[in-house]
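One structure is given below, encoded as structure tokens.
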Amino acid sequence: MKDKTTPFNRPHMTGKELHYIAQAHFNGQLAGDGPFTKLCHGWIEEKTGSHKALLTHSCTAALEMAALLLDLEPGDEVIMPSFTFVSTANAFVLRGARPVFVDVRPDTLNIDETLIEAAVTSRTRAIVPVHYAGVACEMDVILEIARRHGLVVVEDAAQGVMSTYKGRALGSIGHLGAYSFHETKNVISGEGGALLVNDSGLAMRAEIIREKGTDRSRFFRGEVDKYTWQEVGSSFLPGELVAGFLWAQLEDAGRITHERLDIWARYHAAFAQMESDGLLRRPIVPTECGHNAHMYYVLLSEHVDRQRVISELKQRGVWTVFHYVPLHNSPGGLRYCRSVGDLPVTCMAGERLLRLPLWVGLSPEEQDRVIRSVIDVVTGVA
Ligand SMILES: *Cc1c(COP(=O)(O)O)cnc(C)c1O
């Protein structure tokens, strides 16, 4: 069966993307904040309850906007997990701040909320929970710590579109939230993202920062009679062609999530026996978390050689990948950040986590082949 290969990811098109792009072309407005951008903003605000959604050209850009909004000074500290994508940290390092890493929870691999308070110092300004695999962090505890110490909470909800915590949309719970529409995520526009401004007091400055530091958005609403340079900013908005593409995806976000959840559930049932046999550990989703099936991963037992599993699966035409190389002992992490404690769970996840193909259109037959290959290879290697 080597003739057939199953990629790790295959971007899903809903079928309407080119239609909306043609419409944007016909509208004659290609710069940002046109009709499709407004549709996307409205959808996100309605779906999440966020005060204001602002499309950006990536989640990285949304995190950079968040860091600008915080008015950070060199030496200020931001608490986050080391088990995350580089942009979570980099956005704050760009402002001269220092990411402070704490370990993640063994069950969800999300920031361990019980370790946050001990990492707070007089320089701490913010906490950045990352909702790994679209499964929520323990937000009530995190918000309470932030309230006690006067900190801002910026959710890295890059993977969390359509996920919930106690019924609330991820990204809408902290002061600020960041979404990604990168093609490896669930709802996509190639490159793309959004900043969710949940604290209404930050909304006006967020618009200014996104529009090159000017009050151009207010000018277009007729609230001022000319627009001028107000403060430090940049160009963070996508054009209308990208927003048109994204609109086609947002319209179908419910179906996309359902189809992904079905595939996730099939993997979960298929690997129950291997978990009982001690060969791997399946993902754990706390009951208060409604997840979006962003990812299906397994944590291989320490006796299983992950690199061998990946290459033997590849020989069978099944593409699997590991995930984050922890930031804290990377060259950039050692240079710009500090850690509180040894981060043993982070190191474990960095070494033993394996992600399986999960994309809309993965047929049950093809998925069965993936499942059989994983069972054969992991059992053979153990
Ligand atoms: C994908 C991702 C990002 C970056 O998203 P971009 O849209 O590619 O900038 C940031 N944080 C996490 C946790 C991610 O998964």
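Here are some notes:
- Unique match (being free of Cβ contacts under 8 Å to residues at least 12 places away in the same chain and either in a helix (DSSP H, G or I) or not charged (D, E, K, R) (or both)) among G96, G42: G42
- Residues of the stretch 321-363 that are modelled with pLDDT of 95 or more and of a type in the set (D, E, K, R): R335, R338, E351, R352, R355.
- Residues located in the stretch 268-310, provided they are of a type in the set (S, T, Y) and more than 16 Å from T379 (Cβ to Cβ): T287, Y296, Y297
- Every condition in (1) over 21 Å from M295 (Cβ atoms); (2) buried (at least 16 other Cβ atoms within 10 Å of the Cβ); (3) at pLDDT 95 or above is met by H182 except one, and the failing one is (1).
- Residues that are surrounded by fewer than 23 Cβ atoms within 10 Å (Cβ to Cβ), assigned by TED's automatic domain parsing to the domain that holds L54, touching a His at 6+ places or on another chain (Cβ under 7 Å) and of a type outside the set (S, T, N, Q) occur in the stretch 116-128; there is at least one.
- Residue within the stretch 58-69 that is part of a loop (DSSP other than H, G, I, E, B), away from the ligand (no atom under 16 Å from the Cβ) and surrounded by fewer than 23 Cβ atoms within 10 Å (Cβ to Cβ) present: no
- Scope the stretch 152-168; condition hydrophobic (A, V, I, L, M, F, W, C) and buried (at least 22 other Cβ atoms within 10 Å of the Cβ); matching residues: V153, V154, A157, A158, V161, M162
- Filtered residues of the stretch 3-38 (kept if in contact with a Gly (Cβ under 6 Å, 6 or more places away or on another chain) and in a helix (DSSP H, G or I)): Y20, I21, A24, F36
- Close pairs from the stretch 361-376: first closer than 13 Å to F271 by Cα, partner not in a helix (DSSP H, G or I) and not aromatic (F, W, Y), Cβ under 7 Å, at least 6 apart: V370/T6; V370/V318; V370/L356; V370/P357; S373/R316; S373/V318; V374/L356
- Among the residues making up the stretch 263-283, a single one is part of a loop (DSSP other than H, G, I, E, B) and within 18 Å of the chain's Cα centre (by Cα): P283.
- Criterion: surrounded by 19 or more Cβ atoms within 10 Å (Cβ to Cβ), part of a loop (DSSP other than H, G, I, E, B) and either free of Cβ contacts under 8 Å to residues at least 12 places away in the same chain or polar (S, T, N, Q) (or both) - qualifying residue of N292, N329: N292
- Candidate set from the stretch 205-262 (those that are at pLDDT 95 or above and at positive phi); member that is surrounded by the fewest Cβ atoms within 10 Å (Cβ to Cβ): K212
- The lone exception for V86 - which of (1) in contact (Cβ under 8 Å) with a residue 40 or more places away in the chain; (2) within 13 Å of the ligand (Cβ to nearest atom); (3) surrounded by 23 or more Cβ atoms within 10 Å (Cβ to Cβ) it fails: (3)
The values are calculated or read from the model by the stated rules, or taken from the named source; none is laboratory data. What you see is a predicted model; the values in this text were computed from it and never measured. Here Cβ is always computed from backbone atoms with ideal geometry, including for glycine, and neighbour counts include all displayed protein chains.
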